[in-house]
1. Based on this model, can you work out whether residue 233 counts as farther than 30 Å from residue 105 by Cβ and under 19 Å from the mean Cα position of the chain (by Cα)?
2. Within the stretch 24-55, work out how many residues are in a helix (DSSP H, G or I) and out of contact with any Gly (no Cβ under 7 Å at 6 or more places or on another chain).
3. Please work out which residue is nearest to the ligand (Cβ to nearest atom), limiting yourself to the stretch 161-192 and to residues that are within 21 Å of residue 117 (Cβ to Cβ) and of a type in the set (A, V, I, L, M, F, W, C).
4. Check the stretch 236-250 and report whether any residue there is within 16 Å of the ligand (Cβ to nearest atom) and touching a Pro at 6+ places or on another chain (Cβ under 7 Å).
5. If I filter the stretch 259-268 down to residues being in contact (Cβ under 8 Å) with a residue 24 or more places away in the chain and of a type in the set (Lys, Arg), which single residue comes out as surrounded by the most Cβ atoms within 10 Å (Cβ to Cβ)?
6. Which pairs have Cβ atoms under 6 Å, sit 6 or more apart or on different chains, and link a residue in the stretch 198-216 that is at negative phi to one that is among the small types (Gly, Ala, Ser) and in a strand (DSSP E or B)?
7. Given the criterion within 16 Å of the ligand (Cβ to nearest atom) and either of a type outside the set (Phe, Trp, Tyr) or surrounded by 14 or more Cβ atoms within 10 Å (Cβ to Cβ) (or both), identify the matching residue among 68, 103, 88, 135.
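The values are calculated or read from the model by the stated rules, or taken from the named source; none is laboratory data. Small disclaimer: the values here were computed from a predicted structure and weren't measured. Glycine also receives a Cβ, built like all others from the backbone with ideal geometry; neighbour counts cover every protein chain displayed.
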Amino acid sequence: MIKTNTLHNKILGGEFLSLEEGMELYINTSPAKLFSLAGKIRFWINPERRVSWQTDLNVNYTNVCISGCLFCNFHCRLYENERSFTLGERELKDKTEIVKRAGGNQLLLQGGLHPHYRIEYYENMLRYLKEISPGIRLNALGPPEIAHISRLSSISIRETLVRLKAAGLDSLPGAGAEILSDRVRRIISPSKPSSSSWENVMREAHKLAIGTTATMVYGHLETIRERLEHLMLLRKIQQDKPEGTPGFRAFIGWPVQLKGTKLAERFRLSPVSALENLKMVAISRIMLPNVPHIQVSWLTIGEDLAQLALHCGADDMGSVMIEENVVSSAGASFKMDSEKMKSCIREAGFEPWQRNQDYSPAEN
Ligand code: SF4
């Protein structure tokens with residue numbers, strides 16, 4: 001039987017746990033021991049008894065996408081039906097005003113893999129947003145979008161990122177990782193860029209000192225081993241980032257949302273249990289000691305479970321998302337405003353602090 005004290009000392013000594021140690025912890029160790037170890041690592045990395053959160057608005061600038069991921073109800077093919085949209089300047093301006101009124105200063109820009117938009121479209125969008133709202137921070141375009149833009153524009157990933165950064169991109173969300181296993185991706189997201197493409201975009205972003213986050217969507221066709229391999233790959237990417245650059249600022253995992261999806265139609269999948277969600281938070285904290293923050297996805301697991309996750313290794317509650325369309329369209333239905341967020345964190349026994357995307361304190 002594995003001794004959690006030994007693993008604790010190993011991590012405090014600067015060593016990473018092996019895949020087998022992670023598997024043993026996840027499968028054969030009691031949840032109480034797992035959570036206790038994750039809690040210790042959390043306070044070793046973030047000693048203060050406080051939990052961060054932020055306010056942002058998720059702007060889905062287009063739902064047109066050629067990828068057709070089986071878990072996604074949000075996208076549609078170009079001209080397929082009346083649901084297809086691309087936001088114009090007027091609508092983008094409205095979004096900046098909405099987020100400011102709500103006390104936020106950040107937009108999370110994400111869309112589909114549009115078959116026609118090249119780099120210039122994205123440069124114009126980012127420039128326009130910075131022009132009309134110079135203080136706004138743009139956390140924009142996940143790795144699959146970057147890889148897609150680069151391919152469509154016949155320029156390298158590096159050049160794509162350099163040009164987008166110059167146009168106003170502040171940070172890169174870790175979207176589109178799902179499970180970094182091509183075996184699984186070939187089934188659930190057959191037309192999405194591969195896991196090595198996700199990795200390459202992140203490595204380039206880190207070299208350019210663009211801060212990022214890392215994500216995982218679990219609870220579909222992947223094995224526990226593949227989840228652990230995913231975490232180990234993230235740890236390696238983080239280890240290789242140039243010194244002094246932000247790299248992955250946080251990791252966020254969430255259970256796949258299945259309502260009305262093709263994935264649920266084709267496979268008999270059970271919802272992820274509450275205990276498993278908490279174990280995923282804990283194992284992430286333990287396996288990723290070089291990633292500063294573990295975020296809990298209250299939007300998908302709900303407020304009550306999110307509060308418990310703060311005792312299992314998480315130190316960040318993510319965003320009060322004024323608007324979210326992607327996971328909501330597959331069943332995520334929880335809602336939160338800033339007052340509720342603060343009381344939720346306090347109720348769980350922590351002090352809330354509002355942050356920016358880069359984990360600096362929010363100005364307001
Ligand atoms: S998840 Fe993203 S890439 Fe996949 S179909 Fe939906 S919009 Fe397209």
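1. Criteria met by residue 233.
2. 16
3. That would be 175.
4. No, the conditions are met nowhere in the stretch 236-250.
5. 262
6. If the second residue must be among the small types (Gly, Ala, Ser) and in a strand (DSSP E or B), the pairs left are 211/171; 213/250; 216/253.
7. Among 68, 103, 88, 135, only 68 is within 16 Å of the ligand (Cβ to nearest atom) and either of a type outside the set (Phe, Trp, Tyr) or surrounded by 14 or more Cβ atoms within 10 Å (Cβ to Cβ) (or both).
Per-residue answers, yes or no, for (1) surrounded by fewer than 24 Cβ atoms within 10 Å (Cβ to Cβ); (2) at pLDDT 95 or above; (3) more than 22 Å from residue 127 (Cα to Cα):
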position	(1), (2), (3)
162	yes, yes, no
178	no, no, yes
197	yes, yes, yes
205	no, yes, no
